[in-house]
Amino acid sequence: MKTKLTLLITLACLLLAASVAANTDRIDKRVAELTDQLKLTEDQSSRVREILVGSSELAVIDKERYRGNRTAMKKAADERIELVNSQIKEVLTDEQKAEFVEIKPPRDSDRERPADDSPFARQIQGLTDRLNLTEEQQVQLADIYAAHADELSALREGMGNRSGDRSAMKQKREAMKAVMDEINDEIENILDDAQNQEFEAWKSEQQQRRGKGGQRGGGRGGRRGGN
């Protein structure tokens with residue numbers, strides 16, 4: 001029981017670290033934009049950055065707390081935006097506050113979507129054809145993948161290095177699986193019953209393909225070991 005709890009805590013820390021690290025560039029870009037638009041002082045810029053980092057950390061917690069409940073997750077995201085805006089206003093002068101309310105805050109729908117040649121784009125097209133998604137569902141699916149793209153990228157970094165720490169690699173794989181499970185839960189929330197049945201079949205096929213790949217790898221390892 002203690003070992004399982006330790007693993008869960010480790011996975012949570014990995015997800016949090018990966019998400020915050022992946023969002024660092026986005027946060028820096030947002031701080032730079034606000035600094036330029038509102039003529040922030042160095043101290044104000046630093047405090048705004050702390051606010052955005054705190055919001056990023058809270059987003060990871062909310063994703064875990066509301067996993068599988070897209071409505072609650074969206075409500076939590078809206079509340080985080082309101083909280084961030086109110087916290088930022090507290091560090092601004094009256095003149096800066098007037099300028100700030102005119103600036104359109106970034107929304108989940110404003111995220112950069114996967115490029116046409118990205119793996120996510122191919123997967124989105126594959127699921128669109130397989131599940132006969134509506135245009136609205138395609139947009140929702142793209143938003144789901146875009147919301148986790150940086151997080152997955154951070155976790156994948158270094159996973160191809162077989163000479164790395166095995167324990168760390170195992171933890172990354174577990175964290176990756178947790179993120180993919182979250183993505184699948186979010187996808188299920190935008191599908192109807194018939195589409196969900198087909199989606200379950202698709203996931204089963206994907207698992208079988210990965211299993212066959214693992215068996216082939218094991219077989220090759222066995223032959224090398226026998227030499």
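The values are calculated or read from the model by the stated rules, or taken from the named source; none is laboratory data. It should be emphasised that the depicted structure is a prediction, and the values quoted were computed from it without experimental measurement. Ideal geometry is used to build each Cβ from the backbone, glycine not excepted, and the neighbour counts take in all protein chains shown.
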Residue satisfying all of: in segment 116-126; outside any loop (DSSP other than H, G, I, E, B) and either under 19 Å from the mean Cα position of the chain (by Cα) or assigned by TED's automatic domain parsing to the domain that holds R30 (or both); modelled with the lowest pLDDT among these: P119
Given the conditions (1) of a type in the set (A, V, I, L, M, F, W, C); (2) at pLDDT 85 or above; (3) assigned to a helix (DSSP H, G or I), which single one is not true for L92? (3)
Just the residues that are part of a helix (DSSP H, G or I) and either β-branched (V, I, T) or not assigned by TED's automatic domain parsing to the domain that holds K89 (or both), please, taken from segment 27-70. I27, V31, T35, V48, I51, V53, V60, I61
Restricting attention to segment 72-99, report how many residues are surrounded by fewer than 16 Cβ atoms within 10 Å (Cβ to Cβ) and either touching a residue at least 60 places away in the same chain (Cβ under 8 Å) or under 15 Å from the mean Cα position of the chain (by Cα) (or both). 2
Only one of D192, D150 is surrounded by 10 or more Cβ atoms within 10 Å (Cβ to Cβ), under 15 Å from the mean Cα position of the chain (by Cα) and modelled with pLDDT of 75 or more. Can you tell me which? D150
Going residue by residue through segment 107-115, is there one that turns out to be of a type in the set (A, V, I, L, M) and at pLDDT below 85? yes
